[in-house]
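Values quoted throughout were computed directly from the atomic coordinates according to the rules given, and no laboratory measurement underlies them. Note that this is a predicted model, so its numbers are computed, not measured. For neighbour counting, all protein chains shown are included, and Cβ atoms are generated from backbone atoms with ideal geometry for every residue, glycine included.
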Amino acid sequence: MPNRPPRTATRSGTALLCALGVTLLALATVGCEDDTAASGRRQPATRADMAADSDGGKTLRLGEPTSVTYKRGSDHLRGTLRVTAVSVRKGTHAELRTAGVAPSDVRTTQPYYVTMTFENIGESSLHYPFLNTPTGLEDTSGVDDPPLVSGDTEVAACPGKDPDDFAVGAKVSLCKVFLVPNGIRPSVVTYSTGDDTKRPVSWKVTR
């Protein structure tokens, strides 16, 4: 009768192979988990991807975007916008006179031009929106400065006509003129819309 290896030795070899396979599988799984975690750390959420209106009551830096709920008056038009206060720059009295501003306003105020960018990140188009209307400018004395209202005449250096239709994914840059009293400087840009207009998001005006 031929010699046969003991059964116990065969079972021991099989057990060793199984144990080795389990160990390798565990190491591979850990490696995948580490890669996934690292990938997650490399892709942090930006402020503009946060829930709409989460920056209400906060003061951001110029150029920093945020997401807000857009809501318009009686027709309850709603949407979601990514809004950024880009810049605040001083205008000239000559530009006001060219636009037909009253001489009294030209003499007693200094124009400032606030540029905002808007992106429709919601799920529906906005027809005849008032994107720039909620934009405000507060000066160093804590007063909300009045925007220039000049009918159909715009200051050429600060175009701010809203689009008639603002499709999903569309972007636009708009400017708004504010009349700041002579000797006073602008302090913060505000944007107030949506369901929490008492806590607008703000951007600090840098000097």
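Neighbours of THR135, meaning other residues whose beta-carbon lies under 13 angstrom from its beta-carbon, give a summed charge of -3 when Lys and Arg score +1 and Asp and Glu score -1. Using 0.36 nm per residue and subtracting the Cα-Cα separation, the extra length available between LYS71 and ILE184 on full extension is 37.5 nm. For ARG107 and ALA167, a Förster radius of 45 Å and the Cβ-Cβ distance give a FRET efficiency of 0.55, rounded to the nearest 0.05. Computed on the stretch 108-174, with alpha-carbon pairs under 8 angstrom and 6+ residues apart, the relative contact order is 54 percent. Label positions at VAL143 and ARG89, each projected 7 Å from the Cα along the C-beta direction, are separated by 2.6 nm.
Given the pairs LYS161/LYS204; LYS90/LYS176; LYS58/LYS90; LYS71/LYS161; LYS58/LYS204, which span a C-alpha to C-alpha distance of over 20 angstrom in this model? From LYS161/LYS204; LYS90/LYS176; LYS58/LYS90; LYS71/LYS161; LYS58/LYS204, over 20 Å: LYS161/LYS204; LYS58/LYS90.
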